[in-house]
Amino acid sequence: MAKMTLEDLRKLRDQRKKDLERRDVEGKNVQIIVGMGTCGIAAGAKSTFDAILKAVEEFHLDKDVVIRQTGCMGLCYVEPTVEVVKPGMPTVIYGKMTKDVAKDLVEKHLVGGQLLNDHIYDRPAADI
C-alpha cells in the first residue's frame, strides 16, 4: 500500500467532508431522486446521477439541493428516471434522463423554473 502524504490526507478529508455535506438534508428544500433499481442502472442511471451531481456543483446549488437514490419507480420503459421536488413547481418524474440531459434538468428546471416537457412521464399524486 502506498504511503499518503499529509497533503494527500488533507485532500481526502476535505473530499469526505464535502461528500457528507452533500448528503445532509437539513435546510435543503429541493430534492432530486434518481431511480437506481436494476433496470435504472442497466439503462445508465449511474452516469445520469454523476452528471446531476456535477451540474448541481457547477451551478452552485449544493446548499439547496439534496440528491438521493431510490429503487425502481415502476417506469422501466423510460429509464433512467429522475423525480424532482421543488417548492412552487409541480413534482414531476422525468424519463429517458441521460447524462447529456442532466445539465438541462439542473439549468432549466432548478435554475430557470421551466419543466422539460419532452421528458415528463409522470406527475405523482400528492396524496399517495
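The values are calculated or read from the model by the stated rules, or taken from the named source; none is laboratory data. Quantities reported herein were computed from a predicted structural model and do not represent experimental measurements. Using ideal geometry, Cβ is built from the backbone for each residue, glycine included, and neighbour counts are taken over all protein chains shown. These area figures cover heavy atoms from the full protein model, side chains too; ligands, DNA and RNA do not enter into them. Shrake-Rupley method; radii C 1.70, N 1.55, O 1.52, S 1.80 Å.
Could you tell me how many degrees, from 0 to 90 and to the nearest 10, lie between the Cα long axis of helix 6-23 and the main elongation axis, the longest principal axis, of the Cα atoms of the chain?
So the helix axis and the longest Cα principal axis differ by about 20 degrees.
Given a 1.4 angstrom probe, I'd like the percentage of the accessible area of segment 74-115 that is carbon and sulfur, rounded to a whole number.
On segment 74-115, the fraction of accessible area on carbon and sulfur atoms equals 50 percent.
Could you go through segment 76-87 in sequence order and give the Karplus-derived ³J(HN,Hα) for each residue, using 6.51 cos²θ - 1.76 cosθ + 1.60 with θ = phi - 60°, rounded to whole Hz, and x for Gly and Pro?
Once θ is set to phi - 60°, the couplings for segment 76-87 become 4, 6, 10, 5, x, 10, 9, 9, 10, 10, 9, x Hz.
Given a cut-off of 18 Å, name the pairs among K3/K54; K28/K86; K11/K103 whose C-alpha atoms lie farther apart than that in the structure shown.
In this structure, K3/K54; K11/K103 exceed 18 Å between Cα atoms.
In debye to the nearest 20, how big a dipole does the chain give about its Cα centre with +1 on each Lys and Arg Cβ and -1 on each Asp and Glu Cβ?
420
Solvent-accessible area per residue for the chain at a 1.4 Å probe radius, Å²?
Here the per-residue accessible area is 63 Å².
Between Q69 and K11, what FRET efficiency follows from the Cβ-Cβ distance if R0 is 22 Å, with the result rounded to 0.05?
Computed FRET efficiency for Q69 and K11: 0.30.
Keeping every protein chain in place, order V111, V85, V106 by accessible area at 1.4 Å, biggest value first, i.e. largest first.
V111, V85, V106
Over the chain, what relative contact order in percent results from Cα pairs under 8 Å that are six or more residues apart?
26
What's the carbon and sulfur percent of segment 19-61's accessible surface, probe 1.4 angstrom, rounded to a whole number?
54
What's the FRET efficiency of E57 with E107 using the Cβ-Cβ distance as r and R₀ = 22 Å, to the nearest 0.05?
Computed FRET efficiency for E57 and E107 comes out at 0.95.
Which distance in nm do the two modelled labels at D118 and A42 give, with both placed 7 Å along the Cα-to-Cβ direction?
Each label point lies 7 Å from its Cα, and together they span 2.7 nm.
Tell me which label goes with the value of Cα extents along the principal axes in Å computed from the coordinates here: (1) 51, 35, 33; (2) 51, 32, 27; (3) 55, 25, 18.
The listed entry that was calculated here is (2).
What cysteines in the chain have no other cysteine with a beta carbon less than 4.7 Å from their beta carbon?
C72
So what are the radius of gyration and Dmax for the Cα set of segment 85-124, in Å?
Values for segment 85-124 (Cα only, Rg and Dmax): 9.5, 26 Å.
Which one, G37, V78, N117, is farthest towards the positive end of the dipole of the chain when Lys and Arg carry +1 and Asp and Glu -1 on their Cβ?
Projecting each Cα onto the dipole axis, the largest value belongs to G37.
Counting only Cα, what are the radius of gyration and maximum Cα-Cα distance Dmax of segment 1-72, in Å?
14.9, 42
Using just the helices of the chain, give the 222 nm mean residue ellipticity in deg cm²/dmol: DSSP H runs with n ≥ 4 each add -39,500 (n - 2.57), and the total is spread over all residues, rounded to 500. Show your work: numbers first, answer last.
Values: 4 runs with 44 residues, N = 128.
About -10500 deg cm²/dmol.
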